[in-house]
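The values are calculated or read from the model by the stated rules, or taken from the named source; none is laboratory data. Fair warning: this is a prediction, and the values are worked out from it, not measured in the lab. Every residue, glycine among them, receives a Cβ derived from its backbone with ideal geometry; neighbour counts consider all protein chains shown.
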Amino acid sequence: MTSLSFPNLLEPRSPMRFVPLAILVAVLATLPFVLPNVWYFDVAIRIAANITVVIALNLLIGHCGQISLGHAGFFGLGAYGSAILTSLYAWPPMLALAATAIVVGLLAWLVAVAILRLQGHYLAMATLGLGIIVSIVLTNESAFTGGPDGMSVPDFAVFGLRIAGEKAWYWVFAGLVVAAVVFATNIVESPAGRALRALHGSEIAARVVGIDTASFKTRVFALSAVVAAVMGSLSAHYMGFITPGVAGFSKSVELVTMVVVGGLASVWGSVFGAALLTLLPDVLAHLEGWETLAFGMILVATMIFLPRGIVPSLVAFFTKKEG
Amino acid sequence: MLVVENLTKTFGGVTAVSDVSFTVEKGTTHAVIGPNGAGKTTLFNLITGVYTPTLGSIRLEGVEIGGIAPEKLARRGVSRTFQNLQVSMNLSALENVMTGAHLELNSSLVAAMVRWPGIAAKDRALRARAAELLDFVGCGRYAGADARSMPYGALKRLEIARALAADPKILFLDEPAAGLNHTETHEIEGLIAELGRRGITVVLVEHDMKLVMSVSTRIVVLDYGKKLAEGTPEEIRTNRDVIAAYLGAETEGA
Ligand SMILES: Nc1ncnc2c1ncn2[C@@H]1O[C@H](COP(=O)(O)OP(=O)(O)OP(=O)(O)O)[C@@H](O)[C@H]1O
Ligand SMILES: [Mg+2]
């Protein structure tokens with residue numbers, strides 16, 4: 001009896017697969033009524049933003065087997081693109097967001113076309129460099145960005161509807177998390193998703209059956225960069241004030257860590273990985289200086305005891321027991 | 001169907017394939033044999049687009065295909081298996097076979113994201129066909145299994161099923177019986193003979209002489225990258241150069 005024949009909650013064709021999604025929607029819909037104050041709303045929004053970015057990044061890392069060490073750079077470009085266009089040039093926020101996302105998508109696409117022809121881990125190197133360049137530019141171009149001191153960002157408005165305050169933004173970010181889960185799940189279960197996993201498993205076998213591996217990696221990389229840019233734009237409007245720190249290398253590493261801890265190639269892994277690692281620093285804050293150590297130990301423990309990531313390891317554990 | 005002329009491939013100082021020419025007729029089973037390191041796999045890699053020829057030409061149905069990437073050759077009906085297994089261990093057996101029909105499916109990411117109508121139905125039909133192919137190669141009972149849980153012999157067949165899912169015009173099999181026991185080798189022999197009966201053009205690299213002699217229409221013998229001989233199984237069996245090369249290889253190996 002194999003794990004696949006057991007109708008588990010995450011199996012593509014199982015009618016039970018909507019259960020986790022229903023739970024997510026229920027949790028997101030209930031939270032605003034139980035969260036005691038805006039500080040918790042802020043945490044929830046930061047978690048939601050990270051989940052959305054991490055879900056898309058996981059398509060690249062977990063499915064294509066390519067690592068990006070510069071995704072905070074794309075997030076930062078989205079944030080600053082929107083900030084600059086709306087505050088200095090008075091563009092409507094939605095237009096600024098779309099224009100920034102398109103430019104970031106093109107940039108990512110160009111980088112990938114140049115880099116992915118070469119196989120191996122060149123993309124990790126290139127995105128590492130790109131992320132650092134973005135950081136430096138954001139810090140130094142103070143005429144546009146305000147430099148290290150940061151810049152303020154106008155409120156977001158679409159069709160005359162102004163979105164302001166944690167409670168309003170919560171619904172936007174919650175909606176995006178659900179959309180990200182649904183869209184990513186749809187990709188994963190489609191022939192395109194299978195092709196991505198196949199090229200990760202054996203690049204040469206994938207090419208021989210006609211899978212244009214370079215094209216797939218390029219498209220997924222660009223898609224994940226666009227998602228990061230859009231979340232950057234929205235986060236900038238939500239926060240109202242941004243500094244170059246949003247594009248920092250450590251942010252990029254955090255995003256990759258969320259993917260790995262949650263579970264490679266697992267949509268729900270991304271949800272848990274991002275939620276857990278966004279919460280941890282807040283939870284550990286009272287450890288006063290020891291939080292970095294605790295953070296590191298939790299990561300190491302996960303890697304040792306749940307090497308495939310939290311969600312895939314648990315799924316394997318339960319399906320094995322019952323199957 | 002396939003015309004190879006003066007094909008040469010050098011790696012630095014090593015000439016792995018040297019001035020090799022032969023023709024594969026449609027619907028035949030053509031074997032390429034030779035001692036270890038003779039250049040058989042390199043020859044396959046050249047024809048299937050993994051390597052670019054240093055010199056020479058490869059024509060498929062009259063069209064030059066030398067240096068065309070594997071993913072483009074797939075559209076022209078070229079498919080293959082690998083001497084060193086190339087199975088996606090992160091997929092199930094069925095999914096591996098389904099990847100073989102990748103080109104028949106809509107693989108747009110945006111269409112996938114919104115569950116574009118028709119994608120799922122076509123995929124279901126393919127799933128059924130993939131299951132039949134697994135059955136055909138004798139792996140029916142592994143349909144639901146993860147590839148990583150399958151034994152080596154089943155994975156060798158899985159590769160053949162995946163290649164067949166592409167509905168190839170010409171199929172290259174690199175040592176399909178390597179590492180298999182006597183019974184399994186016999187079954188693979190039956191499978192290749194069946195491919196021949198179904199009219200699929202097969203080019204085969206294999207060390208098991210009994211298998212080669214029984215399924216091949218023609219045989220090309222390579223030695224040190226050069227074509228040593230070509231002919232029917234009967235001609236090759238009695239060819240002095242071939243016997244000498246194989247005896248030589250055996251004494252070296254001893
Ligand atoms: N990518 C490569 N780079 C350098 N040398 C190579 C490469 N591929 C093959 N060779 C060399 O080319 C020669 C032929 O190798 P090839 O793998 O084609 O032999 P083969 O006939 O398939 O052998 P076997 O029966 O062991 O599979 C060998 O000397 C090998 O070392
Ligand atoms: Mg070989």
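So in the stretch B:100-113, with the set limited to residues that are at the interface with another protein chain (Cβ under 7 Å from one of its Cβ atoms), hydrophobic (A, V, I, L, M, F, W, C) and closer than 24 Å to A:SER224 by Cβ, which one is surrounded by the fewest Cβ atoms within 10 Å (Cβ to Cβ)?
Among them, the one singled out is B:MET113.
Residues B:GLU184, B:GLU189: which one is closer than 17 Å to B:THR29 by Cα, of a type in the set (Asp, Glu) and free of Cβ contacts under 8 Å to residues at least 40 places away in the same chain?
Exactly one residue qualifies, and that residue is B:GLU189.
Name the residue that is surrounded by the most Cβ atoms within 10 Å (Cβ to Cβ), counting only residues in the stretch A:202-218 that are at the interface with another protein chain (Cβ under 7 Å from one of its Cβ atoms) and in contact with a Phe, Trp or Tyr (Cβ under 8 Å, 6 or more places away or on another chain).
Among them, the one singled out is A:ALA205.
Considering (1) over 21 Å from B:VAL20 (Cβ atoms); (2) outside any helix (DSSP H, G or I); (3) more than 13 Å from ligand 1 (Cβ to nearest atom), say which one B:ASN84 fails and leave the rest.
Result: B:ASN84 fails condition (3) only.
Within the stretch B:38-50, track down each residue that is within 13 Å of ligand 2 (Cβ to nearest atom), part of a helix (DSSP H, G or I) and not hydroxyl-bearing (Ser, Thr, Tyr).
Selection gives B:LYS40, B:LEU43, B:PHE44, B:ASN45, B:LEU46.
For the stretch B:13-37: of the residues being within 19 Å of B:GLY67 (Cβ to Cβ) and small (Gly, Ala, Ser), which is farthest from the chain's Cα centre (by Cα)?
Taking the candidates together, the pick is B:SER18.
Looking at B:GLY62, B:GLY66, which one is away from ligand 1 (no atom under 16 Å from the Cβ), closer than 23 Å to B:LYS9 by Cβ and either loosely packed, with under 15 Cβ neighbours inside 10 Å or more than 18 Å from the chain's Cα centre (by Cα) (or both)?
B:GLY62
Kindly indicate the residue of the stretch B:51-64 that is in a loop (DSSP other than H, G, I, E, B) and in contact with a Ser or Thr (Cβ under 9 Å, 6 or more places away or on another chain) and also nearest to ligand 2 (Cβ to nearest atom) among those meeting that condition.
Once the filter is applied, the top-ranked residue is B:TYR51.
Considering only residues that are in contact (Cβ under 8 Å) with a residue 40 or more places away in the chain and of a type in the set (Gly, Ala, Ser), which ones fall in the stretch B:87-129?
B:SER88, B:SER92, B:ALA93, B:GLY100, B:ALA101
Answer yes or no as to whether A:GLY296 is at pLDDT 95 or above and surrounded by fewer than 20 Cβ atoms within 10 Å (Cβ to Cβ).
Judged against the criteria, A:GLY296 is not a match.
Examine the stretch B:8-15 for a residue that is aliphatic (A, V, I, L, M), within 12 Å of ligand 1 (Cβ to nearest atom) and over 12 Å from B:VAL203 (Cβ atoms), and state whether such a residue exists.
yes
Select the helices (runs of 4 or more DSSP H) contained entirely in the stretch A:209-323, then report the ones holding at least 3 residues which are in contact (Cβ under 8 Å) with a residue 60 or more places away in the chain.
Per the criteria, A:213-239, A:249-262, A:267-284, A:310-322.
Residues are listed down the side, and each one gets a yes or a no for (1) in contact with a strand residue (DSSP E or B) (Cβ under 8 Å, 6 or more places away or on another chain); (2) farther than 26 Å from A:GLY248 by Cβ; (3) of a type outside the set (A, V, I, L, M, F, W, C); (4) outside any helix (DSSP H, G or I):
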residue	(1), (2), (3), (4)
A:ALA157	yes, yes, no, yes
A:LYS167	no, yes, yes, no
A:TRP171	no, yes, no, no
A:LEU176	no, no, no, no
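All but one of (1) closer than 28 Å to B:ARG127 by Cβ; (2) without any contact (Cβ under 8 Å) to a residue 40 or more places away in the chain hold for A:ALA168, so report the exception by its number.
Among (1) closer than 28 Å to B:ARG127 by Cβ; (2) without any contact (Cβ under 8 Å) to a residue 40 or more places away in the chain, the lone unmet condition for A:ALA168 is (1).
Sort through A:SER252, A:SER224 and tell me the only one that's crowded, with 24+ Cβ neighbours inside 10 Å, more than 30 Å from B:ALA165 (Cα to Cα) and away from chain B (no Cβ under 14 Å).
A:SER252
Out of all the residues in the stretch A:215-247, which are over 22 Å from A:LEU116 (Cβ atoms) and under 15 Å from the mean Cα position of the chain (by Cα)?
A:VAL230, A:MET231, A:GLY232, A:SER233, A:LEU234, A:SER235, A:VAL246, A:ALA247, listed by residue number.
Among the numbered criteria (1) touching a Gly at 6+ places or on another chain (Cβ under 6 Å); (2) not in a helix (DSSP H, G or I), which single criterion is violated by A:GLN66?
Of (1) touching a Gly at 6+ places or on another chain (Cβ under 6 Å); (2) not in a helix (DSSP H, G or I), only one is false for A:GLN66: (1).
Here is a yes/no grid of residues against (1) within 14 Å of another protein chain (Cβ to nearest Cβ); (2) out of contact with any Asp or Glu (no Cβ under 6 Å at 6 or more places or on another chain); (3) modelled with pLDDT under 95; (4) within 12 Å of ligand 1 (Cβ to nearest atom):
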| site | (1), (2), (3), (4) |
| --- | --- |
| B:ASN6 | no, no, no, no |
| B:VAL24 | no, yes, no, no |
| B:ALA31 | no, yes, no, no |
| B:LEU43 | no, yes, no, yes |
| B:SER57 | no, no, no, no |
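For B:GLU71, all conditions in the list (1) assigned to a helix (DSSP H, G or I); (2) within 16 Å of ligand 1 (Cβ to nearest atom) hold save one; what is the number of the exception?
Unmet for B:GLU71, out of (1) assigned to a helix (DSSP H, G or I); (2) within 16 Å of ligand 1 (Cβ to nearest atom): (2).
Determine if the stretch B:19-38 includes at least one residue that is more than 25 Å from B:GLU189 (Cβ to Cβ), surrounded by 15 or more Cβ atoms within 10 Å (Cβ to Cβ) and touching a Leu at 6+ places or on another chain (Cβ under 9 Å).
So far as the stretch B:19-38 goes, yes, one or more of its residues are more than 25 Å from B:GLU189 (Cβ to Cβ), surrounded by 15 or more Cβ atoms within 10 Å (Cβ to Cβ) and touching a Leu at 6+ places or on another chain (Cβ under 9 Å).
Note down all Cβ pairs under 7 Å where the first residue falls in the stretch B:59-71 and is away from every other protein chain (no Cβ under 12 Å), the second is of a type in the set (Lys, Arg) and surrounded by 13 or more Cβ atoms within 10 Å (Cβ to Cβ), and they're at least six residues apart or on different chains.
B:LEU60/B:ARG76; B:ILE65/B:ARG59; B:ILE65/B:ARG76
Condition (residue is closer than 25 Å to A:GLY269 by Cβ and under 18 Å from the mean Cα position of the chain (by Cα)) applied to the stretch A:90-102: is it met by at least one residue?
So far as the stretch A:90-102 goes, no, none of its residues is closer than 25 Å to A:GLY269 by Cβ and under 18 Å from the mean Cα position of the chain (by Cα).
Report the residue count in the stretch B:42-52 for those that are surrounded by 20 or more Cβ atoms within 10 Å (Cβ to Cβ) and in contact with a strand residue (DSSP E or B) (Cβ under 7 Å, 6 or more places away or on another chain).
Residues in the stretch B:42-52 being surrounded by 20 or more Cβ atoms within 10 Å (Cβ to Cβ) and in contact with a strand residue (DSSP E or B) (Cβ under 7 Å, 6 or more places away or on another chain): 6 in total.
Return the only residue of A:GLY105, A:GLY76 being within 15 Å of A:GLY245 (Cα to Cα) and buried (at least 19 other Cβ atoms within 10 Å of the Cβ).
A:GLY76
Look through B:LEU85, B:LEU94, B:LEU134 and report the one residue that is over 20 Å from A:HIS63 (Cβ atoms), facing another protein chain (nearest Cβ under 9 Å) and out of contact with any strand residue (DSSP E or B) (no Cβ under 9 Å at 6 or more places or on another chain).
Result of the check over B:LEU85, B:LEU94, B:LEU134: B:LEU85.
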